[in-house]
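Reviewing the structure listed below.
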Amino acid sequence: MTLSSKIKYVTEGALKALYPETDINISMISVNQTKPEFTGDYTVVLFPFIKLLRQKPDVIGNQLGEYLLANTELFSAFQIVSGFLNLSIRDSYWVSFIQNECTNQQYGIGTPNPTRVMIEYSSPNTNKPLHFGHLRNIFLGAAISEVLKANGKEVIKANLINDRGIHICKSMIAWQRYGNGATPESSGIKGDHLVGDYYVKFNDIYKQEIALLIESGMDEKLAEKEAPIMKAAQDMLRQWEAGDKEVRDLWETMNGWVYKGFEVTYKKLGVTFDKMYYESETYLLGKQIVETGLNKGVLFKKPDGSVWIDLKDEGLDEKLLLRGDGTSVYMTQDLGTAKLKYDQCQLDQSVYVIADEQNYHIAVLKLILKKIGEPCADGIYHLSYGMVELPTGRMKSREGTVVDADDMASEMVRLAQEQTEASGKTTGFTSDELTALYETIGMGALKFYLLRVDPKKKMIFDPKESIDLHGFTATFIQYAHARICSILRKEQIPLVPGANVFAGFKQSEPLLPLETKIILALEEYPAILADAGSEFNPSSICNYSFQLAQLFNTFYDAHSISKAESEEKKQLRLMIIVMTASVLRHAMNLMGIRLPEKM
């Protein structure tokens with residue numbers, strides 16, 4: 001139980017004892033950290049009780065404060081300020097907390113519960129490499145997976161590969177016509193990049209053909225349909241769905257190139273998955289669900305044979321589920337995948353990490369499944385996030401204006417090296433250690449910057465700002481951790497000390513304000529972790545970690561450890577920084593970010 005929860009619990013008991021005739025419950029009690037300009041550690045809001053108790057807030061506050069001081073061992077003083085009861089926690093509580101928890105490597109981790117959650121993220125297309133736009137998705141999915149695990153849930157990390165459809169056929173037809181047999185080996189180009197080049201090539205040829213048709217007098221919309229290369233791609237899709245061997249062989253070959261490329265990128269990003277799904281294996285199941293919907297009268301056919309659902313009564317519109325030629329659309333295969341995931345894993349919740357551009361799509365997916373009667377519908381949750389842009393603007397794959405994930409990762413490592421060398425902080429490292437350090441700093445900066453913003457908000461990524469040693473960055477947190485490690489090395493305290501290291505500590509001196517403040521922040525971590533899980537928002541952990549690193553720097557600049565006023569103070573401060581380092585490591589590890597011991 002967190003301290004704020006304990007305060008709510010004892011406050012409820014106190015109010016019931018003081019006012020036994022009233023109906024007071026814990027949901028009415030609001031407890032927050034006391035604002036820095038006032039005396040106290042935690043504040044109880046008194047306004048909800050004024051009408052119920054028919055008393056002025058100062059009267060309620062005084063009675064409640066006196067009762068809590070007299071009947072609990074938790075509080076040392078109280079103060080009433082304009083309807084708020086500010087409570088000061090006894091030093092003995094803080095000291096007992098830091099002594100008991102500073103070497104507890106499980107601190108903050110929730111108790112196991114039976115909830116089974118699947119997080120689906122990344123979900124790339126096999127017609128292009130992973131690009132910068134994928135990174136927020138990937139890091140968000142990976143981080144929230146670890147946050148939910150830390151909250152005790154059983155988590156399955158899943159990746160749905162979009163490996164079929166018209167977009168895949170576009171790359172295939174372009175390679176078939178213009179590739180001259182090029183392979184990753186013969187061209188020296190990473191497989192996913194090679195296939196992506198032909199996706200861009202398709203679009204270039206497509207635009208040229210449209211322009212020629214318009215010049216010949218054809219309407220633009222008709223020209224888009226009649227362009228020869230587009231018709232060839234559509235014909236290839238029909239051949240693929242019909243099982244044409246030549247088309248299927250080419251598809252397997254080119255997808256194989258892409259998968260090898262993805263593996264390299266995922267490894268560099270430090271991302272793994274528990275299950276892989278492929279749309280080529282789920283679209284037929286989706287067709288079966290569509291057939292079920294037709295039989296139930298939930299769906300309908302148009303004269304051209306296409307299958308639709310009418311959602312106008314739900315404030316939406318008609319949605320295509322199957323084309324007139326029998327080929328699938330995204331929604332068809334998403335229906336199949338949703339059912340397959342649920343049937344295989346018996347999920348309590350299925351989380352889709354998908355950009356807010358797909359809010360409508362996910363809402364329709366859930367509604368269709370519900371109307372057809374599929375039980376998987378109830379557990380669908382859309383972790384919707386805003387798109388990421390670079391300072392130069394938005395990126396477009398088909399126009400070849402995207403920044404590849406591989407290139408961005410390499411650029412961040414290069415920036416880390418440039419910054420480290422410019423600051424003269426390379427002394428005492430071997431060549432291999434420096435290589436690892438640049439990777440740690442660069443990738444940490446990239447992940448943190450993309451995770452530090454509330455997922456619902458759009459954002460602009462600035463590579464140089466993301467690695468600023470003095471900014472709101474992972475680099476700042478990494479440096480704070482390295483400072484702690486340096487102190488502990490000098491004091492010959494292990495980074496992960498055994499439980500007996502501080503067992504003999506006895507308190508006799510009062511805590512100083514900054515000592516209390518940093519212990520209070522450390523005590524708050526489990527609540528931050530729980531909120532991040534319930535809100536699907538890892539940015540709160542990034543914000544907390546940065547503020548904790550800031551607080552450590554302020555604390556260390558104000559209070560010496562090696563030359564502390566007494567041996568007791570030295571031991572207390574060592575316990576504080578040991579726990580600070582432990583919490584920072586745990587929090588950043590959830591984000592996929594490593595904290596170096598030297599910088």
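The values are calculated or read from the model by the stated rules, or taken from the named source; none is laboratory data. Quick caveat: nothing in here was measured; it's all calculated off a predicted structure. Because the Cβ atoms are built from the backbone with ideal geometry, glycine has one as well, and the counts that use them run over all protein chains shown. Keep in mind that these areas ignore ligands, DNA and RNA; they rest on the heavy atoms of the full protein, side chains included. Shrake-Rupley method; radii C 1.70, N 1.55, O 1.52, S 1.80 Å.
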- Calculate, for GLU491 and VAL45, the FRET efficiency according to 1/(1 + (r/R0)^6) with r their C-beta to C-beta distance and R0 45 Å; round to the nearest 0.05. 0.60
- At R0 = 41 Å, FRET efficiency that the Cβ-Cβ distance of LYS506 and LEU434 yields, to 0.05: 0.40
- Task: With no solvent and one equal point scatterer per Cα, compute the Debye intensity ratio I(q)/I(0) for the range 158-233 at 0.11, 0.13, 0.17, 0.22 Å⁻¹ and report its log10, rounded to two decimals.
- Result: -0.34, -0.46, -0.70, -0.96
- Item | Most positive-pole-ward Cα, TYR342, GLY108, ILE210, against dipole of the chain from beta carbon charges | GLY108
- Message: Just to confirm the filter: which chymotrypsin sites (Phe, Trp or Tyr not before Pro) across the range 48-87 are DSSP coil and have at most 16 other Cβ within 10 angstrom of their Cβ?
- Response: none
- Task: Rounded, prolate or oblate: pick one for the range 514-597, where a ≥ b ≥ c are the square roots of the eigenvalues of its C-alpha gyration tensor, a/c under 1.5 means rounded, and failing that, prolate if a/b is larger than b/c, else oblate.
- Result: prolate
- Query: With all protein chains present, how much of the accessible area of the range 189-262 (probe radius 1.4 Å) comes from carbon and sulfur, to the nearest whole percent?
  - Reply: 52 percent
- R0 of 41 Å, Cβ-Cβ distance LYS456-THR183: FRET efficiency to nearest 0.05: 0.45
- Item | Where only C-alpha atoms are counted, convex hull volume of the range 177-302 per residue in Å³ | 177 Å³
- For GLN547 and GLU568 in the same chain, what is the full-extension length gain: residue separation times 0.36 nm, less their Cα-Cα distance, in nm? 4.9 nm
- Task: Along each of the three principal axes of the Cα atoms of the range 241-369, give the extent in whole Å, ordering the values from largest to smallest.
- Result: 47, 39, 28
- Would you please put 163-172, 270-279, 14-23 in order of how densely packed they are, using the mean number of other Cβ atoms within 10 angstrom per residue and starting with the highest? 163-172, 270-279, 14-23
- Task: State the percent of C-alpha pairs, over all pairs in the chain, separated by a distance greater than 38 angstrom.
- Result: 46 percent
- Based on the alpha carbon coordinates of the range 330-443, what radius of gyration and maximum Cα-Cα distance (Dmax) apply, in Å? 21.7, 65
- Any lysines with Cα under 18 Å of the LYS457 Cα? List them, leaving off those in the same chain fewer than 8 positions away. LYS447
- Item | Rounded to 5, percent antiparallel among DSSP beta bridges of the chain | 50 percent
- Message: Show me the three semi-axes of the equivalent ellipsoid for the range 93-226, from the C-alpha gyration tensor (sqrt of 5 times each eigenvalue), largest first, rounded to whole Å.
- Response: 51, 18, 13
- Message: What distance in nm lies between label points placed 7 Å from Cα along the C-beta direction at LYS267 and SER306?
- Response: 4.4 nm
- Message: Test of the criteria: in the range 496-567, which GluC sites (Glu not before Pro) are in a DSSP loop and have at most 15 other Cβ atoms within 10 angstrom of their Cβ?
- Response: GLU565
- How about the range 22-117: which trypsin sites (Lys or Arg not before Pro) there lie in a loop by DSSP and see at most 12 other Cβ atoms within 10 Å? ARG54
- On average, how much accessible surface per residue is there in the range 57-106, in Å², for a 1.4 Å probe, leaving out ligands, DNA and RNA? 44 Å²
- Item | Per residue, in Å², the accessible surface of the range 128-284 once ligands and nucleic acids are set aside, probe 1.4 Å | 43 Å²
- Query: Could you name the lysines in cross-link range of LYS302, using Cα to Cα under 26 Å and dropping any fewer than eight places away on the same chain?
  - Reply: LYS221, LYS225, LYS231, LYS287, LYS312, LYS319, LYS339, LYS366, LYS370, LYS371
- Taking the Cα-to-Cβ direction at GLN208 and at LEU316 and moving 7 Å from each Cα, how far apart do the two end points lie in nm? 4.1 nm
- Message: Set the bar at 23 Å for Cα to Cα. Now go through LYS301/LYS341; LYS170/LYS207; LYS128/LYS207; LYS425/LYS517; LYS506/LYS563; LYS8/LYS56 and name every pair that lies beyond it.
- Response: LYS301/LYS341; LYS425/LYS517
- Counting only protein heavy atoms, what percent of the accessible surface of the range 1-159 is carbon or sulfur at a 1.4 Å probe? 50 percent
- Query: On the accessible surface of the range 416-528, probed at 1.4 Å, how many percent belong to carbon and sulfur atoms?
  - Reply: 54 percent
